[in-house]
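Here the structure comes first, spelled out in structure tokens, and everything after it is commentary.
The values are calculated or read from the model by the stated rules, or taken from the named source; none is laboratory data. Model, not experiment: these values are computed from the prediction. Ligands, DNA and RNA are stripped out before the accessible areas are found, and what is left, the full protein with its side chains, is counted by its heavy atoms. Shrake-Rupley method; radii C 1.70, N 1.55, O 1.52, S 1.80 Å.
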Amino acid sequence: MNFLHTFHPQPILFEIGFLKVHWYGLFMVIAIFVGIFITVKLAKHYGFSKDNVYDLVFYLVIFSMIGARIYAVLLFPSYYSQYPLEIFQVWKGGLAIHGAVLGGVITLYYYAKRKKQSFWLWADILVVPLALGQAIGRWGNYFNQELFGRPTSLPWGIPIDALSRGEFSKYEFFHPTFLYESVLNFIVFIILLTLHIHRIKKQETINKHPLTPTLSHDGERESSAPSLIYKNERERILEIRNWKLEIGTISLLYLVSYSLIRIVMEQFRIDETPEFFGMRFPIIASGLIFISSLILYFYFFAQAKDKRR
């Protein structure tokens, strides 16, 4: 933490002639490649090939970036109307996660529909690298000295150059909101990945011990385990089959979790953003996503419960 308290980051990693490599761009590239690696590994367990992943990711990266930039630009129309060329300068920052998610959802919907694949299953897979990508990408904000929090005297406060402090010019150290969000997103990534591992292991157990339907005494069909499985093992397999992390719930859990993270982070952030009814717009957007995702989450479980009756 002492390093963060004393180090003054610069946005440019290195320059070669007219070529400038920005830290922000580097972290974005790292996030994309790490995300592709994780997606390939996870997708394999759900029957998707590498070609499926590469095909989808190609469109997702393009349209998520476009969505993120359009969303960020629309938040400040007056500024970008005066400086239209800055719309294309994404290496300086200005990618909004809500726009990226919206662009990604629309792209995934049309892709899944065209390929006749499960939208929600793909969504469950993709939120895992998305959470990790956010954890990595937030460090780009640190080197750009943007999206920092309120002034603080805490020992992990980060120094901000005078030109970037705005109305808080008399303060030197500020809350490292990039770090808070990065750590929280990484925790969400671990949780989502753990849920996938749990789901995959359960499915592998079911596949190893398929239950065959037989007739009960009253003529009704019932499930029974192969004769080689003892009674307690049969009960365990039945319990595994009855417990199922429904398709779509992992992606909805991500939306609920990140919405809460963003609402909390907005209490610290001091960057300029539109306000409605005295509230920062990201709080309103996150609140709407939180509520709608929570409703869908319980709807999925209710549907699954009805199916098992």
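What the table shows:
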read-out	value
Exposure of K50 as accessible area (Å², to 10), given a probe of 1.4 Å and all protein chains	120
Exposure of D271 as accessible area (Å², to 10), given a probe of 1.4 Å and all protein chains	40
R262 accessible area, assembled protein chains, probe 1.4 Å, Å²	20
Whole-angstrom gap from the range 57-116 to the range 8-30, using each part's C-alpha centre	21
Karplus 3J(HN,Hα) series, Hz, for the range 96-111 with 6.51 cos²θ - 1.76 cosθ + 1.60 (x for Gly, Pro)	8, 4, 4, x, 5, 5, 4, x, x, 5, 4, 4, 5, 4, 5, 5
Out-of-range pairs (alpha-carbon distance over 18 Å; input K41/K201; K116/K208; K44/K201)	K116/K208
Solvent exposure, largest accessible area first (probe 1.4 Å, DNA, RNA and ligands not counted), of S78, S293, S118	S78, S118, S293
Phi to ³J(HN,Hα) by Karplus 6.51 cos²θ - 1.76 cosθ + 1.60 over the range 185-195, Hz, x for Gly, Pro	5, 5, 4, 4, 4, 4, 5, 5, 5, 4, 5
